[in-house]
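The values are calculated or read from the model by the stated rules, or taken from the named source; none is laboratory data. If you're wondering where the values come from, they're calculated on a predicted model, not measured in any experiment. Positions of Cβ are generated from backbone atoms using ideal geometry, with glycine treated the same way; all protein chains shown enter the neighbour counts.
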Amino acid sequence: MNGLTQHRVLWGDLSPFAYLAGGALLVMASDRMAHALTTLVALVWVYALSSLAVFGGSGFFPKRGGRVVFAFVASFVAGLFLLLLSILFPLAALQMFFVVSFVPALCAGSGLFGRLRNKTLTQTLRLSVAEALVAGVLIVILALIREPLGFRSLSLPGGAQGIMLFHPFGEESAFFLRLLSGSAGALLLLGYVVGLYRRVRAKYSGEGDER
């Protein structure tokens with residue numbers, strides 16, 4: 001079998017595409033590049049530290065109900081991220097509080113806890129960070145499309161207002177392009193991305209046709 005189809009993170013049955021019940025996170029975080037980058041850092045932070053907690057406390061996690069404990073750990077780690085963000089950038093923390101709240105739900109619901117069993121420290125970190133990056137990079141890619149086309153701007157986290165805006169794209173965009181900045185536009189883009197993903201997966205796995 002082609003090695004590409006065996007890639008657990010991107011092509012496997014438990015890939016982030018399978019649990020985009022976190023679609024709310026994707027839609028909200030991809031409206032601005034500043035929000036997308038902050039969410040990417042939050043994803044890596046929560047996934048990595050939560051997986052380390054699982055690795056270090058494997059002897060203390062109960063055999064039954066371990067997933068529930070993992071959800072509490074992920075929520076606690078996300079709270080630490082928001083605390084640090086509020087110290088460094090208070091306004092950015094206020095803007096991102098609701099968005100970051102979806103990160104532990106995505107982490108706990110992804111099935112990561114079960115896949116971390118009997119892994120070494122290196123394997124644990126590699127798996128968790130890879131899964132976080134898949135979801136985070138997808139959000140950043142959508143933000144790179146939505147913000148320049150919809151708002152004619154590009155933003156970075158930081159500054160007195162929690163976000164630094166740049167306007168290198170000239171005048172206001174057309175109405176149909178401004179739709180991309182809304183939730184409906186994000187869902188349309190997500191549909192195209194998932195369609196492309198399925199087409200490429202069918203091509204490399206040989207499953208079904210490519211229509």
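Structural remarks
- Members of region 109-144 found to be surrounded by 17 or more Cβ atoms within 10 Å (Cβ to Cβ) and without any contact (Cβ under 8 Å) to a residue 60 or more places away in the chain, listed by number: 113
- Picking from residues in region 1-20 that are assigned to a helix (DSSP H, G or I) and of a type in the set (A, V, I, L, M), the one that is modelled with the lowest pLDDT is 4.
- Whichever residue in region 98-139 is among the charged types (D, E, K, R) and part of a loop (DSSP other than H, G, I, E, B) and, among such residues, is nearest to residue 72 (Cα to Cα): 117
- Whenever a residue of region 21-45 is in a loop (DSSP other than H, G, I, E, B), its partners that are among the β-branched types (Val, Ile, Thr) and at pLDDT below 85, lying with C-beta atoms within less than 9 angstrom and at least six residues away or across chains, give the pairs 30/145; 32/163.
- For region 73-92, filtering for residues that are surrounded by 13 or more Cβ atoms within 10 Å (Cβ to Cβ), in a helix (DSSP H, G or I) and at pLDDT below 90 leaves 2.
- Residue in region 54-72 that is modelled with the highest pLDDT, counting only those that are surrounded by fewer than 19 Cβ atoms within 10 Å (Cβ to Cβ) and outside any loop (DSSP other than H, G, I, E, B): 72
- Residue tally, condition of a type outside the set (Gly, Ala, Ser) and buried (at least 19 other Cβ atoms within 10 Å of the Cβ), over region 150-162: 2
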